[in-house]
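A.B. asks: Below: one structure in structure tokens.
The values are calculated or read from the model by the stated rules, or taken from the named source; none is laboratory data. Keep in mind the model is a prediction, meaning the values are calculated, not measured. All Cβ positions, glycine included, derive from the backbone under ideal geometry; neighbour counts span all protein chains shown.
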Amino acid sequence: MTTTLTETKNGNGMSHAETTRDATTYCPRFDIWETEDELVLYGDMPGVTPENLDIHYENGQLGIHGKVCPRHDDIKFSYGEYGIGDYHRSFTVGEAINAEKISAELKHGVLTLHLPKSEKVKPRKIEIKSG
Amino acid sequence: MLATRWEPLTQMNRLRHEMDRLFDRWGDNRPQQYARNTFPPLNLWENDDNLFVEAELPGFALEDLEIMVTGGNQLSINGERKAPELEGGTWHRRERGFGKFNRALELPGYVDSENVSAEFKNGVLTITLPKREEVKPRRIEVKVS
């Protein structure tokens with residue numbers, strides 16, 4: 001049981017898709033867990049609210065885009081160790097997914113995304129009849 | 001004669017810092033003043049009355065975090081993020097980190113440790129540290145004689 005989940009990104013931790021706004025877009029970290037019934041994606045996206053999170057799935061392409069509203073205006077950081085920007089990540093999902101039943105939850109800045117597999121790709125135990 | 005000890009590690013570190021600086025200018029322009037592996041990275045800023053410290057801590061809850069101010073200017077943050085215990089499947093990617101962290105920081109000024117407050121929203125922790133009266137900026141009136 002293997003699923004191909006691939007993505008293309010450049011090596012500096014930033015997303016490859018270009019935006020029209022002049023803002024830094026970060027590539028959020030993801031964990032991906034697969035069971036017989038579903039794929040579960042866990043992503044760290046601190047600062048994103050549910051209304052600013054856009055997830056779309058089409059033809060095996062999963063796109064996740066989180067918009068982060070600027071938290072500070074015109075602040076000069078005394079120490080600045082991280083940048084704040086939008087999140088973007090996309091995956092190509094090799095399995096057949098039941099797109100109707102995709103569900104997502106966002107809690108404490110962590111996105112949990114459930115991708116249930118279609119019935120036809122679920123492993124099936126084959127009964128062997130003794131003749 | 002010029003006696004220079006050859007210190008390959010120092011040289012390598014210097015080279016790395018130079019490279020980081022170079023790429024910070026054109027590429028990833030996030031500010032970096034500390035080593036990359038300190039967790040969590042912090043942003044600190046101030047206004048006339050308060051110091052503010054912010055950290056991104058996704059997956060933590062406020063009750064998992066311990067924030068302490070000692071000696072009026074030492075801030076320490078401890079916490080733990082537990083890995084989810086899942087069974088009956090396989091991991092395809094594990095990019096997120098789990099475990100305990102402890103970060104201590106010397107604040108740029110003395111704060112009123114009794115009135116420190118913290119807010120945790122969408123995985124972002126913001127600590128507000130009121131400055132002590134004696135460190136607040138004071139406007140000095142210039143009299144015209």
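A.B. asks: State whether the residues of region B:77-87 include one that is closer than 22 Å to A:Gly80 by Cα and of a type outside the set (A, V, I, L, M). Walk me through it before giving the result.
C.D. replies: Of all residues in region B:77-87, those closer than 22 Å to A:Gly80 by Cα come to B:77-79.
Imposing the further condition that a residue be of a type outside the set (A, V, I, L, M) reduces the set to B:78-79.
Yes, region B:77-87 contains at least one residue that is closer than 22 Å to A:Gly80 by Cα and of a type outside the set (A, V, I, L, M).
A.B. asks: Pairs under 7 Å by beta carbon, first residue surrounded by fewer than 17 Cβ atoms within 10 Å (Cβ to Cβ) in region A:36-62, partner of a type in the set (Ser, Thr, Tyr), six or more apart or different chains?
C.D. replies: Once the first residue is surrounded by fewer than 17 Cβ atoms within 10 Å (Cβ to Cβ) and sits in region A:36-62, its partners that are of a type in the set (Ser, Thr, Tyr) give A:Gly60/A:Thr92; A:Gln61/A:Ser90; A:Gln61/A:Thr92.
Residues are listed down the side, and each one gets a yes or a no for (1) in a strand (DSSP E or B); (2) aliphatic (A, V, I, L, M); (3) more than 21 Å from B:Glu56 (Cβ to Cβ):
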position	(1), (2), (3)
B:Leu75	yes, yes, no
B:Gly79	yes, no, no
B:Ala83	no, yes, no
B:Leu86	no, yes, yes
B:Trp91	yes, no, yes
B:Arg96	no, no, no
B:Phe101	yes, no, no
B:Glu114	no, no, yes
B:Phe120	yes, no, no
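A.B. asks: I need every pair where a residue in region B:105-121 that is within 14 Å of chain A (Cβ to nearest Cβ) has its Cβ under 7 Å from the Cβ of a residue that is of a type in the set (Asp, Glu) and not in a loop (DSSP other than H, G, I, E, B), sequence separation at least 6 or different chains.
C.D. replies: none
A.B. asks: Can you pull out every residue in region A:73-104 that is touching a residue at least 24 places away in the same chain (Cβ under 8 Å) and under 21 Å from A:Asp37 (Cβ atoms)?
C.D. replies: Narrowing region A:73-104 to residues touching a residue at least 24 places away in the same chain (Cβ under 8 Å): A:83-97, A:99, A:102, A:104.
Hits for region A:73-104 are A:Phe91, A:Thr92, A:Val93, A:Gly94, A:Glu95, A:Ala96, A:Ile97, A:Ala99, A:Ile102, A:Ala104.
A.B. asks: Here's something else I'd like to know. Test A:Gly80 against the criterion of being touching a strand residue (DSSP E or B) at 6+ places or on another chain (Cβ under 6 Å) and over 19 Å from A:Ala23 (Cα atoms), and give yes or no. Spell out how you get there, then give the answer.
C.D. replies: Working: touching a strand residue (DSSP E or B) at 6+ places or on another chain (Cβ under 6 Å): yes; over 19 Å from A:Ala23 (Cα atoms): no.
It is false that A:Gly80 is touching a strand residue (DSSP E or B) at 6+ places or on another chain (Cβ under 6 Å) and over 19 Å from A:Ala23 (Cα atoms).
A.B. asks: If the Cβ limit is 9 Å and pairs must be 6+ apart or interchain, which residue in region B:75-98 that is in contact (Cβ under 8 Å) with a residue 12 or more places away in the chain pairs with which residue that is surrounded by fewer than 12 Cβ atoms within 10 Å (Cβ to Cβ) and among the aliphatic types (A, V, I, L, M)?
C.D. replies: Filtered contacts from region B:75-98: B:Leu75/B:Ala104; B:Ser76/B:Ala104; B:Ile77/B:Ala104.
A.B. asks: Got at least one residue in region B:73-86 being aliphatic (A, V, I, L, M) and either more than 13 Å from chain A (Cβ to nearest Cβ) or under 15 Å from the mean Cα position of the chain (by Cα) (or both)?
C.D. replies: Within region B:73-86, one or more residues are aliphatic (A, V, I, L, M) and either more than 13 Å from chain A (Cβ to nearest Cβ) or under 15 Å from the mean Cα position of the chain (by Cα) (or both).
A.B. asks: Looking at A:Glu58, A:Glu81, which is the one that is of a type in the set (D, E, K, R) and over 23 Å from B:Gly97 (Cα atoms)?
C.D. replies: Working: A:Glu81 fails: over 23 Å from B:Gly97 (Cα atoms).
Just a single option satisfies the conditions, and that option is A:Glu58.
A.B. asks: Could you tell me whether region A:87-103 includes any residue that is facing chain B (nearest Cβ under 10 Å) and either charged (D, E, K, R) or in contact with a Lys or Arg (Cβ under 6 Å, 6 or more places away or on another chain) (or both)?
C.D. replies: No.
A.B. asks: Cβ-Cβ under 8 Å, sequence separation 6+ or interchain: first residue in region A:105-130 and on the phi > 0 side of the Ramachandran plot, partner charged (D, E, K, R) and buried (at least 16 other Cβ atoms within 10 Å of the Cβ). Which pairs?
C.D. replies: So the pair list comes out as A:Gly109/A:Asp44; A:Gly109/B:Glu56.
A.B. asks: Of B:Glu63, B:Glu114, B:Glu54, B:Glu95, which residue is farther than 27 Å from A:Asp44 by Cβ and of a type in the set (D, E, K, R)? It would help to see each step written out before you state the result.
C.D. replies: Working: B:Glu63 fails: farther than 27 Å from A:Asp44 by Cβ; B:Glu54 fails: farther than 27 Å from A:Asp44 by Cβ; B:Glu95 fails: farther than 27 Å from A:Asp44 by Cβ.
B:Glu114 is the lone residue from the list that is farther than 27 Å from A:Asp44 by Cβ and of a type in the set (D, E, K, R).
A.B. asks: What's the number of the only condition in (1) farther than 20 Å from B:Pro40 by Cβ; (2) touching a residue at least 24 places away in the same chain (Cβ under 8 Å) that A:Cys27 fails to meet?
C.D. replies: Every listed condition holds for A:Cys27 apart from (1).
Per-residue answers, yes or no, for (1) β-branched (Val, Ile, Thr); (2) under 27 Å from A:Glu105 (Cβ atoms); (3) at pLDDT below 90:
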| site | (1), (2), (3) |
| --- | --- |
| B:Thr38 | yes, no, yes |
| B:Leu42 | no, no, no |
| B:Glu54 | no, yes, no |
| B:Leu65 | no, yes, no |
| B:Glu87 | no, yes, yes |
| B:Ala104 | no, no, no |
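A.B. asks: Which of the residues that make up region B:122-143 are more than 16 Å from B:Asn43 (Cα to Cα), in contact (Cβ under 8 Å) with a residue 60 or more places away in the chain and part of a loop (DSSP other than H, G, I, E, B)? Walk me through how you get there before you give the answer.
C.D. replies: Restricting attention to region B:122-143, the residues satisfying the condition of being more than 16 Å from B:Asn43 (Cα to Cα) are B:122, B:130-143.
Now narrow it down to the ones that are in contact (Cβ under 8 Å) with a residue 60 or more places away in the chain: B:130-132, B:136-137.
Matches in region B:122-143: B:Arg132, B:Lys136, B:Pro137.
A.B. asks: Identify, by number, the condition in (1) surrounded by 15 or more Cβ atoms within 10 Å (Cβ to Cβ); (2) more than 8 Å from chain B (Cβ to nearest Cβ) that A:Ser78 doesn't meet.
C.D. replies: It is condition (2) that A:Ser78 fails.
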